[in-house]
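Shown next, in C-alpha cells, is the structure this report addresses.
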Amino acid sequence: MTNLILFGPPGSGKGTQAAKMIEKYGLVHISTGDLFRYEMGNNTPLGLEAKSYMAKGELVPDSVTIGMLRNKVDAHPDAGGFIFDGFPRTIPQAEALDALLDDKGSSIHALIALQCDDEEIVQRIKKRGETSGRPDDNDEHIIRTRIQVYKNETTPVFDFYDAQGKSHSIVGIGEIEEIFGRISAVVDQLQAK
Ligand code: ADP
C-alpha cells in the first residue's frame, strides 16, 4: 500500500497533479474540498455546515472533517493506497489520519509539498475563479484569508511529517508535466524501496 499526502497552499496545483497521479499509480484520490462541494451541491446537513466556513475561507471544524474522511477511507477497503488532497490541514487531522491508518495496519509513506509563492497563487485562483464557479475563488479577500489560514494552521503539518522523515518539498512552478516529473521521482523512489 502507498499512502501519500499531496500538500501545498490553495491554488498550488494539488488537484491537477492528483489527477495525473491517479492515472499513473492507481491510487484512490480523496479531496476533502471536493467532498465538501459535493455535499453542498446536494444540500445535505454536512454540506450546509461546511458552506458557512468555506464561504469565509475558514477551515471546517476538525470533528466534521475527520468524520467525513474516515467514512471515505472505510468505503474503499480494497484500495491499493490513497492520495490525500487537502487533508490533513491541521495537526489534530494529521494525528487522526495516522491513527486511522494505524488501525488498518498501514501508515503515510510520504507528504509531497508543492511550493508556490503568494502572488502566483492569488493570480492562479482568480483565473480559476473565472470558470470554477467557486465563490471562494472570486474574492481576493477570501483568497488571502485562505492563504493566511494555510500558513497559520496547515504548515505545521509539514513539520509533523518532517519529524517522521516523510516530508518532501517540490517546486510547484513550471509546466504541469515538469512538476509531475518531480512528484513522480519521489513516488518512484518510495515504491522502489
Ligand atoms: P483550496 O486548496 O484551493 O483552498 P480545497 O478544495 O482544498 O481548495 O478547499 C476549499 C475549502 O474547503 C477550504 O478553504 C476549507 O474551507 C474547506 N476544507 C477543505 N479541506 C478541509 C480540511 N481538511 N479541513 C477543514 N476544512 C477543509
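Computed from the coordinates by the stated procedures, all read-outs in this text should not be read as laboratory data. Everything numeric here is computed off the predicted structure, so don't read it as measured data. Cβ placement follows ideal geometry from the backbone for every residue including glycine, while neighbour counts extend to all protein chains displayed.
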> If you take the beta carbon distance between Asp102 and Glu23 as r and set R0 to 25 Å, what does 1/(1 + (r/R0)^6) give as a FRET efficiency, to the nearest 0.05?
Replying inline: 0.30
> HN-Hα J couplings of the stretch 140-157 from phi, Karplus 6.51/-1.76/1.60, θ = phi - 60°, integer Hz, Gly and Pro as x?
Replying inline: 4, 4, 5, 4, 5, 4, 4, 5, 5, 4, 4, 5, 6, 9, 9, 4, x, 5
> P(r) for the chain: what percent of alpha-carbon pairs falls in each 10 Å bin, starting at zero?
Replying inline: 9, 37, 39, 14, 1
>> Defining a contact as two alpha carbons under 8 Å apart and six or more residues distant in sequence, what relative contact order in percent does the stretch 1-101 show?
In response: 44 percent
>> Report the gain in length on full extension from Asn43 to Ser169: 0.36 nm times residue separation, minus Cα-Cα distance, nm rounded to one decimal.
In response: 41.7 nm
>> Spelling out what I want: for every residue of the stretch 60-68, take phi, set θ = phi - 60°, compute 6.51 cos²θ - 1.76 cosθ + 1.60 (Karplus), and round to whole Hz; glycine and proline get x.
In response: 5, x, 3, 4, 5, 5, 5, x, 5
> Mind ordering 134-143, 2-11 by average Cβ neighbours within 10 Å, highest first?
Replying inline: 2-11, 134-143
>> Please enumerate, by chain and number, the lysines with C-alpha under 18 Å from the C-alpha of Lys104, excluding those fewer than 8 residues away in the same chain.
In response: Lys72
>> Under 20 Å between alpha carbons, and skipping anything fewer than 8 positions from Lys127 in its own chain: which lysines qualify?
In response: Lys14, Lys56
> Each residue of the stretch 187-192 in order: what ³J(HN,Hα) in whole Hz does its phi give by Karplus 6.51 cos²θ - 1.76 cosθ + 1.60, θ = phi - 60°, with x for Gly and Pro?
Replying inline: 5, 4, 5, 4, 6, 6
>> Please give me the summed charge of the neighbours of Val187: other residues whose Cβ is under 12 Å from its Cβ, Lys and Arg +1, Asp and Glu -1.
In response: +3
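Would you please give the FRET efficiency between Glu177 and Glu119, computed as 1/(1 + (r/R0)^6) with r the Cβ-Cβ distance and R0 = 22 Å, to the nearest 0.05? Could you put the intermediate results ahead of the total?
Values: r = 23 Å, r/R0 = 1.06.
Between Glu177 and Glu119 the formula returns 0.40.
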>> Need the C-alpha centroid separation for the stretch 90-117 versus the stretch 5-25, integer Å.
In response: 15 Å
> Could you state the number of Å between the C-alpha centres of the stretch 130-177 and the stretch 37-69?
Replying inline: 18 Å
